[in-house]
Amino acid sequence: MKNTKPELGLGARCLWLLCRSIAILPYWAQYGCIAPFIYVVVRYLVGYRRGLILKQLSDSFPEKSREEIEGICNEFYRHFAEIIITTMSMAGITEEQRRDAVKFNIADHVRQTLKDRHVVILASHYGVWEYAQFVCLHLPGYCEIGAYHPLSNKAWDELFLHLRTFEDVIPVPSSRYLRYFIEHKESGVNGKPMLLGMASDQNAPPKGDVHWYNFLNRPTLFFEGGEQLATKFSLPVVYFSMKRKGAGRYECDVILVHDGQEPVEKHEITERYVRLLEQDIERDPARWMWSHRRWKYRPDPVTGEAVYYRKGV
């Protein structure tokens with residue numbers, strides 16, 4: 001059965017038409033005119049979450065001077081403007097444009113390990129994460145199942161579902177993700193093995209026996225659903241390491257984190273992911289989403305339990 005884009009309500013259709021009006025513009029107009037305009041608005045007119053961004057950068061890189069932190073913050077705003085343009089440009093994007101947007105580097109031994117198996121992708125909000133779904137064009141014969149959190153605004157939720165859905169890409173709500181995998185584990189999706197895409201660097205709520213990872217100079221919680229899925233069903237795990245090559249143009253190294261057979265300790269797969277993500281951020285810090293309030297929880301110094309901080313980060 002062919003996968004089709006979901007229908008749009010009136011509000012979502014108006015938003016899609018706005019996105020489409022950007023998508024049909026030439027590259028130079030998108031990134032040479034509109035992106036700089038958005039940068040000026042979010043940086044100087046709105047100052048979008050500037051205090052939060054500076055605080056999180058300063059805490060993550062205490063060795064950097066105030067001038068360096070300011071520079072990373074300003075570069076982040078330029079990156080943020082590019083993300084807005086890139087996301088809007090997915091309205092009506094062609095297969096050729098998807099191929100041009102990002103180049104995936106997949107080593108032969110990685111292809112061999114993944115061949116004909118369901119695969120867990122531990123992605124992140126680094127670079128242009130929407131491009132992660134284009135990997136199916138470079139791994140033919142797969143269908144990507146992207147985990148997502150539904151938005152409270154119906155029009156925006158419909159829009160993003162529409163933008164993210166392709167013949168070989170199916171967004172599935174996080175609450176239904178495990179059930180969806182189990183339902184299709186034996187037969188696949190339309191007979192194709194699944195690429196199980198998860199952005200594991202979101203602010204994870206503490207549940208049960210939490211585990212803290214040392215990440216960017218402080219204890220941090222991470223979603224561990226990808227690791228749990230991989231260890232329970234013996235699935236290989238890969239990480240996408242993105243590098244910016246130009247405005248709206250990226251290169252992505254597909255790194256094997258776990259082959260699905262190697263014995264590993266609990267939390268080890270997630271630990272490997274955390275270290276790879278941290279390396280990417282340290283290499284080019286402006287490409288991570290610093291405007292997300294990432295450190296809502298901290299461990300209690302006595303009990304180690306997660307404590308919610310209403311103020312600060």
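The values are calculated or read from the model by the stated rules, or taken from the named source; none is laboratory data. Because the structure is a prediction, the values reported are computed rather than measured. Reconstructed Cβ throughout: ideal geometry from the backbone, glycine too, with neighbour counts over all protein chains shown.
Which one is nearest to His292 (Cα to Cα) among residues in the range 33-62 that are in a loop (DSSP other than H, G, I, E, B) and aromatic (Phe, Trp, Tyr)?
Filtering the range 33-62 for residues that are in a loop (DSSP other than H, G, I, E, B) and aromatic (Phe, Trp, Tyr), the one nearest to His292 (Cα to Cα) comes out as Tyr48.
Quick check on my filter: what residues within the range 7-59 are in contact with a strand residue (DSSP E or B) (Cβ under 9 Å, 6 or more places away or on another chain) and under 19 Å from Met90 (Cβ atoms)?
Matches in the range 7-59: Tyr31 only.
Just to be sure I understand, how many residues within the range 4-32 are surrounded by 12 or more Cβ atoms within 10 Å (Cβ to Cβ) and in a helix (DSSP H, G or I)?
Selection size over the range 4-32: 15.
What residue, among those in the range 71-99 that are surrounded by 14 or more Cβ atoms within 10 Å (Cβ to Cβ) and acidic (Asp, Glu), is nearest to Trp156 (Cα to Cα)?
Glu82
Residue check: is Tyr273 in contact (Cβ under 8 Å) with a residue 12 or more places away in the chain, over 19 Å from Glu68 (Cβ atoms) and within 14 Å of the chain's Cα centre (by Cα)?
Taking the combined requirement at face value, the residue satisfies it.
So is Asp300 surrounded by fewer than 20 Cβ atoms within 10 Å (Cβ to Cβ), in contact with a Ser or Thr (Cβ under 6 Å, 6 or more places away or on another chain) and not aliphatic (A, V, I, L, M) or not?
Here the answer is no, as Asp300 does not meet what is asked.
When the residues of the range 118-155 are narrowed to those that are of a type in the set (Ser, Thr, Tyr) and in contact with a Leu (Cβ under 7 Å, 6 or more places away or on another chain), which ends up surrounded by the fewest Cβ atoms within 10 Å (Cβ to Cβ)?
Applying the filter and picking the extreme gives Tyr126.
Taking the range 19-56 on its own, how many of its residues are under 19 Å from Glu67 (Cα atoms) and without any contact (Cβ under 8 Å) to a residue 12 or more places away in the chain?
Residues flagged as under 19 Å from Glu67 (Cα atoms) and without any contact (Cβ under 8 Å) to a residue 12 or more places away in the chain within the range 19-56 amount to 3.
Could you count how many residues in the range 257-313 are among the acidic types (Asp, Glu), under 23 Å from Ser124 (Cα atoms) and out of contact with any strand residue (DSSP E or B) (no Cβ under 9 Å at 6 or more places or on another chain)?
Taking the range 257-313 first, the residues among the acidic types (Asp, Glu) are 259, 262, 265, 268, 271, 278, 280, 282, 284, 300, 305.
Adding the requirement that they be under 23 Å from Ser124 (Cα atoms) leaves 259, 265, 268, 271, 278, 280, 282, 284.
Checking the rest, the ones that are also out of contact with any strand residue (DSSP E or B) (no Cβ under 9 Å at 6 or more places or on another chain) come to 265, 282.
Result for the range 257-313: 2.
Out of the residues in the range 155-190 that are among the small types (Gly, Ala, Ser) and more than 19 Å from Val135 (Cβ to Cβ), state the one that is modelled with the highest pLDDT.
First pass over the range 155-190, keeping only residues among the small types (Gly, Ala, Ser): 155, 174-175, 187-188.
Adding the requirement that they be more than 19 Å from Val135 (Cβ to Cβ) leaves 155, 174-175, 187.
Values: Ala155: 95, Ser174: 90, Ser175: 90, Ser187: 91.
Step by step, filter the range 155-190, then rank; the result is Ala155.
Can you say whether Leu137 is farther than 19 Å from Ile121 by Cβ and of a type in the set (A, V, I, L, M, F, W, C), as far as the supplied structure shows?
Taking the combined requirement at face value, the residue does not satisfy it.
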